[in-house]
1. When the Karplus curve 6.51 cos²θ - 1.76 cosθ + 1.60 is applied with θ = phi - 60°, which whole-Hz ³J(HN,Hα) does each residue of region 31-42 get, with x for Gly and Pro?
2. With the calculation restricted to Cα positions, what are the radius of gyration and Dmax of the chain in angstrom?
3. Stretch residue 263-residue 160 to full length: gain in nm at 0.36 nm per residue minus the Cα-Cα span?
4. Can you give the FRET efficiency to the nearest 0.05 for residue 408 and residue 137, using r as the Cβ-Cβ distance and R₀ = 41 Å?
5. Compute log10 of I(q)/I(0) for region 156-302 with the Debye formula, placing one identical point scatterer on every Cα and leaving out solvent, at q = 0.11, 0.13, 0.18 Å⁻¹, to two decimals.
6. Taking amide H positions as placed 1.01 Å from N in the peptide plane, with prolines and chain starts having none, which residues 5 or more places from residue 48, or on another chain, fall under 5 Å of its amide H?
7. Quick one: 3J(HN,Hα) in Hz for region 255-271, Karplus 6.51/-1.76/1.60 with θ = phi - 60°, rounded, Gly and Pro as x.
8. Would you please state the base-10 log of I(q)/I(0) at q = 0.19, 0.25 1/Å for region 363-439, with intensities from the Debye formula using one equal scatterer on every alpha carbon?
Amino acid sequence: MNKKILSAAVAMALAAGISGTALAAEGSLADVPKDHWSYQAVDQLVKDGIIEGMPDGTYAGDRAISRYEMAVIVARATDKMEAANIADRALIEKMQAEYGSELKTLAADVQDLKNEVGKVKFNGMFRATYDHDDDNDTINRGNDRFYMDLHGEYKVNDNWTAKFQSETNHKYSDKHSKHDGSDTGIIQRIWADGYFPNSGAWVSIGRTWRGLGFTNTLQGGETDGVQAGIPVKGTGLTASAFYMSPSWEGNGQSYYGVATWGSVGHAVDVNLAYEKAALSKGDVHNVRTSEDWVKGDDNTSGKWETTTKSDTVAYDSAFVVGAKLKAFKNVTLTGDYIQSNAENNNKAAEARIDYKGTNLQDPGSFGVYARYFKFGKNAGNPDDEWGSRPNDAKGWIFGVKYVPVKNVEWSTLYSQQKKGISGAETDRNLFRTEVDFHF
């Protein structure tokens, strides 16, 4: 039996807490007779400090040991064989020959366990955020938070992986709720990804975060639906089709369409998408009710009245055209243009320039960027990036990111904006700094 295999087997066995009955085949569970020479051999190896007995650090004493348990002891001894004297090595080799079949079973059991463990993966990050949001001379601290994003996945087979995402928000500002109940400690998103290597095709189905456009301006957020794609032969492009419905409460609208993205040259990428809405312009897609206090004629008395409001569809088709240019060695230019068929406020655009960028595995790496955006309120459903670039607004954002130590990223941004550009504009100044701890 190969020593490296045995060493790996015992390490996995100990980590998983394998006992004499955990994984072994039935024949290996038979007790070793109490007068068998193996007991004296184990006694000698314990006295010489080669092993400590059973996997939990104890020795079985007068209890009969199964052949599988004895194989675990032999594997432990094999791991220390280089430190053994000539006599102990001879004992170990004799026991390897005696329990060869059980050692093979142990190695196979551990490999099965390793394969199962390898199917499960977790990753995520913890974030601490501080905001100073001056919105029309009113300071908003609503984004001060401790946040955790946890991703998990299980490999179902060679083609399919089941995934989930759980977000937890704890707001710490005294002026706001300590907990954001909409996404605290629950699994918000569940979906499955399929990949078919022969063709390069892939599919994603379920509730997850999806975006359209380089800066996720046409669509950007949690949706229920399905998206599939396949590489376009002879090009650096991927062709995709999608159906998605934003999952926010009360939404009755959904979208379907096509998209393509990828490289079209040495330093140029494109991102194009067209979407069609299931509901037509003017259709009601959300009905909201609210309780409002209505004062009496004397301004002292009054009553609660229920008000019903309907949201109608402003547009039923839209597109995004995006381009990314690697202008110089460390400089990247990115732009998106979006337009819908709404009657007004139907255009959106964003342009950004990035210098360098961070690498979580490279302490000291950094990135600097500047962005300009202008989002008409009827152009799309953009990702507002935690409120830093809201819809129906325009403005500049300047930011820096830095990796002080491995897997930790610090980022800070400052933004000057005008909100409500479709009507009465208000000024906004936003300062945000946050630290992300990735795991």
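1. 5, 7, x, 5, 8, 6, 4, 4, 5, 5, 5, 5
2. 31.1, 105
3. Working: separation 103, 0.36 × 103 = 37.08 nm, distance 2.67 nm.
That pair, residue 263 and residue 160, stretches by 34.4 nm at full extension.
4. Working: r = 35 Å, r/R0 = 0.86.
So the FRET efficiency works out to roughly 0.70.
5. -0.62, -0.80, -1.18
6. Here nothing satisfies the definition.
7. Using θ = phi - 60°, the values come out as 9, 9, x, 10, 8, 8, 7, x, 7, 10, x, 4, 9, 10, 10, 10, 8 Hz.
8. For region 363-439 at q = 0.19, 0.25 Å⁻¹, log10 I(q)/I(0) is -0.81, -1.11.
The values are calculated or read from the model by the stated rules, or taken from the named source; none is laboratory data. Just so you know, these numbers come straight off a predicted model, no measurement behind them. In this analysis, Cβ positions are derived from the backbone assuming ideal geometry, glycine residues included, and neighbour counts consider all displayed protein chains. Side chains included, ligands, DNA and RNA excluded: accessible areas come from the protein's heavy atoms. Shrake-Rupley method; radii C 1.70, N 1.55, O 1.52, S 1.80 Å.
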